[in-house]
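Report on the following structure.
The values are calculated or read from the model by the stated rules, or taken from the named source; none is laboratory data. Everything numeric here is computed off the predicted structure, so don't read it as measured data. Here the Cβ is made from the backbone with ideal geometry for all residues, glycine too, and neighbour counts use every protein chain on show. Just the protein is used for accessible areas: all its heavy atoms, side chains included, with ligands, DNA and RNA removed. Shrake-Rupley method; radii C 1.70, N 1.55, O 1.52, S 1.80 Å.
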Amino acid sequence: MTISPELSVLLHENRQFDPPADLAANANAQPEIYERAAADRLGFWSEQAEFLTWDRHWDEVLEWEAPHSKWFVGGTLNASVNCVDRHVDAGNGGRVAFHWVGEPEGDTRATTYAQLKDQVCQAANALTDLGVKKGDRVAIYMPMIPETVVAMLACARLGAPHMVVFAGYSSEALSTRIIDCGAQVVITADGSWRKGVINELKPAVDVAMDSCPDVRHVLVVKRTGQEVDWRTGRDVWWHDTVEKASTDHTPEMFDSEHPLYIMYTSGTTGTPKGVLHTTGGYLTHVSSTSRLIFDMKPETDVFWTAADIGWVTGHSYIVYGPLANGVTSVMYEGAPDAGGKDRWWKIIEHYGVTILYTAPTTIRTFMKWGEEYPKMHDLSSLRIIGSVGEPINPEAWIWYHSNIGGNTAAVVDTWWQTENGGILITPLPGITATKPGAAMKPFPGISAEVFGNDGKPVGRGEGGFLVVTEPWPGMLRTVWGDDERYQRTYWSKFPGVYLSGDGAKKDDDGDFWVLGRLDDVMNISGHRISTTEVEHAIVSDLKVAEAAVVGASDPITGTAIVAFVTIKASVDTEGEAGVRLVAELRDTVAERIGKLARPRQILLTPELPKTRSGKIMRRLLRDVAEHRELGDVTTLADSTVVDMIAELMADAPAEAEDTTNGSAASGVADSTTAEEAGGHA
Ligand code: WTA
């Protein structure tokens, strides 16, 4: 594997930051934890599982028939009981579970654990009335409002796996996911507030329903109140059903391996994969990482994962991890600059947030806006600040540490993936001396390595494949409906070893530096999008002959999508017609996938560079997109093609950076733009 020039700069970073002394003295994770887990990995996970409330204790910690695992075999529990009921039963019902902050200023709502329990029970009863039973899949397409958490926990309570689709995805993306998992009930809202305008959601669901004849009911939360189309019999209001239902609900206990949720994520081929997570192991993983990495102290902490619930980060660290710990969280509906570029800092000051978790792309956006905004507020309550979703460059790390963390908060750069369920590589805030840009060490009980092509660990300082060599409790169990794809994608390159798709290296101290994807998956502001997916969307336009998509590095979003498109000869691409065509293609991508996948730049070219065997040379296109010297062109069938494209690129208008705010039904967070980058970690 080759390491690009920007990444090799990263690898020469040698500053170190000791854990804050007061944090170290009182941290939930003390240094012995690494030895304890190394000496008896399964014993360690067993101790972590004991923090949960089980109805029946497990007989065996792990059953491993590679690549299939079962965790806490024979144990039974209910995830929603673990997230709400048991805190109420322990006398903590009066504690706030969520301080919700709507985008319009002053539009706030606090929900205590006792209230959350009542709402989850009501929703469970209402969903039962709509015919939802154990094992049924329920699709959720919702904004950042408390009802989204209630909906997820109600599904968990019934043993009906939820399948949340990020509300920035298009109706087409929604319908393909609904069809793939066979959901018959959809939960949504009329809309949400984003940058002062209503992002309608219900119309997108209505369009999706045209291709989902099996959906029986759409349950709709009224959030923004505008008129919506209504299909009597199919559509029901949340306030007419859930809010009128009984607050009594006796939960059933499920097997530890009962499916908890499905989350679709982009892979190297066109169709997204339905990653399946189950109950006992997942909950053990997210609750223990929350407690030990974010050092959660439920009596005193106010936790804020500033991500969207529609991504795995939201599932694990807005919903299941914090709630399993009974901690108080903040949840924010809108854009990071709604009401001023200091909105986040105002929220942190107001609620006394102690732990913040966000993405590098957002941090870089704040850097661009300037340090005067955080300076307007007292952020001294922050004691731990986390990062996730992409490699964090040392400049952003240092800026975050000093401007947000006041040079005293511990920075935790956490590496993990949708498939992993929870964090796998991270510092522990009271133990680890951190290096800006390094994710540092496998979490206790996690066996991560960097392998060379031969399936053996590479030497210190060498790059390789980031792999996990032993199963872990939060791992995906399969790809929904396609176990063969599960085996092939993750477990076939090195049999019995999990292939992450990321590159990494260990430095001289053995600390991990994650270098980013090695496959065709792009990481746009922390959103995973495959090049193939975007190519398919573009070639669905009948005027297109061929398309090649590459990820080019971008100072704010990490990676930006650049598409090279050949148009059929019969189509006029001169002047205005060409400009219109490019706009049309960008819209097509937004419609088919979502605004987050809209290319930053589309270059119309008469030809694409190909090898003699006809393979498109994406590597060269990436060089072109990044205005770099072209790499080796000797395998090209016709090397003049790439020179011509490079010339076109040089003459192309400056970036067609998108500044719309995504008010269409399909777009909540248009994260291809810097201003919107805060939507996701
Ligand atoms: C990238 C998000 C470097 C990585 C939780 C991974 C990171 C993909 C980090 C998963 C990090 C995530 N440093 N890269 N700290 N965290 N990534 O599934 O490429 O949305 O494969 O899960 O994000 O993205 P996903």
| request: Pull up segment 440-463, narrow it to residues that are touching a Lys or Arg at 6+ places or on another chain (Cβ under 7 Å) and on the phi > 0 side of the Ramachandran plot, then point me to the one that is surrounded by the fewest Cβ atoms within 10 Å (Cβ to Cβ). | output: G461
| query | Among the strands (runs of 3 or more DSSP E) confined wholly to segment 211-280, which include 1 or more residues that are closer than 24 Å to N420 by Cα? | reply | 259-265, 273-278
| request: Would you mind stating whether V330 is within 16 Å of the ligand (Cβ to nearest atom), on the phi < 0 side of the Ramachandran plot and not in a loop (DSSP other than H, G, I, E, B)? | output: no
| Has segment 304-311 got any residue that is more than 16 Å from the ligand (Cβ to nearest atom) and farther than 16 Å from S80 by Cα? | yes
| message | When the residues of segment 420-434 are narrowed to those that are of a type in the set (A, V, I, L, M, F, W, C) and open to solvent by less than 10 Å² (accessible area, probe 1.4 Å), which ends up farthest from the ligand (Cβ to nearest atom)? | response | L428
| note | Flagged pairs (Cβ under 7 angstrom, 6 or more apart or on separate chains; first in segment 438-458, away from the ligand (no atom under 16 Å from the Cβ); second among the aromatic types (F, W, Y)) are P444/Y34; P444/F44; G445/F44; G445/W45; G445/W472; G455/F494; P457/F451; V458/F451
| Considering residues of segment 491-502 that are assigned to a strand (DSSP E or B) and more than 9 Å from the ligand (Cβ to nearest atom) only, the residue least open to solvent (accessible area, probe 1.4 Å) | Y498
| task | Consider L476 carefully, then state whether it is open to solvent by less than 10 Å² (accessible area, probe 1.4 Å), within 16 Å of the ligand (Cβ to nearest atom) and of a type in the set (A, V, I, L, M). | result | yes
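Residues checked against (1) in contact (Cβ under 8 Å) with a residue 12 or more places away in the chain; (2) among the hydroxyl-bearing types (S, T, Y); (3) within 8 Å of the ligand (Cβ to nearest atom):
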position	(1), (2), (3)
Y373	yes, yes, no
H377	yes, no, no
R383	yes, no, no
N393	yes, no, no
W397	yes, no, no
D413	yes, no, yes
T418	yes, yes, yes
| message | Pairs needed: first member in segment 129-143, part of a helix (DSSP H, G or I); second member anywhere, at pLDDT 95 or above and surrounded by fewer than 24 Cβ atoms within 10 Å (Cβ to Cβ); C-beta distance under 8 Å; at least 6 residues apart or different chains. | response | D129/T241; D129/A245
| message | Condition (residue is assigned to a strand (DSSP E or B) and either on the phi > 0 side of the Ramachandran plot or aliphatic (A, V, I, L, M) (or both)) applied to segment 639-657: is it met by at least one residue? | response | no
| query | Mind checking which residues of segment 346-359 are surrounded by fewer than 23 Cβ atoms within 10 Å (Cβ to Cβ) and assigned to a helix (DSSP H, G or I)? | reply | K346, I347, E349, H350, Y351
| task | Return the residue satisfying two criteria in turn: it lies in segment 507-550 and is open to solvent by 40 Å² or more (accessible area, probe 1.4 Å), in a strand (DSSP E or B) and of a type outside the set (D, E), and of such residues it is nearest to the ligand (Cβ to nearest atom). | result | R517
| note | Log entry, pairs with first residue in segment 285-314 being open to solvent by 10 Å² or more (accessible area, probe 1.4 Å), second being modelled with pLDDT of 95 or more and in a helix (DSSP H, G or I), beta carbons closer than 6 Å, six or more apart or on different chains, reads R291/N325; P298/N325; V302/Y351; D308/G314; V312/T418
| query | Does T362 qualify as being open to solvent by less than 10 Å² (accessible area, probe 1.4 Å) and either over 30 Å from A79 (Cα atoms) or not hydrophobic (A, V, I, L, M, F, W, C) (or both)? | reply | yes
| said: Looking at the structure I just gave you, is G437 outside any strand (DSSP E or B), open to solvent by 20 Å² or more (accessible area, probe 1.4 Å) and farther than 15 Å from L499 by Cβ? | reply: no
| Do any residues in segment 339-361 that are more than 18 Å from Y400 (Cβ to Cβ) and at pLDDT 95 or above have Cβ atoms under 6 Å from those of residues that are of a type in the set (V, I, T) and open to solvent by less than 30 Å² (accessible area, probe 1.4 Å), where the two are at least six apart or on different chains, and which pairs are they? | Y351/V302; Y351/V330; G352/V302
| Hey, does segment 566-573 have a residue that's within 16 Å of the ligand (Cβ to nearest atom) and assigned to a strand (DSSP E or B)? | no
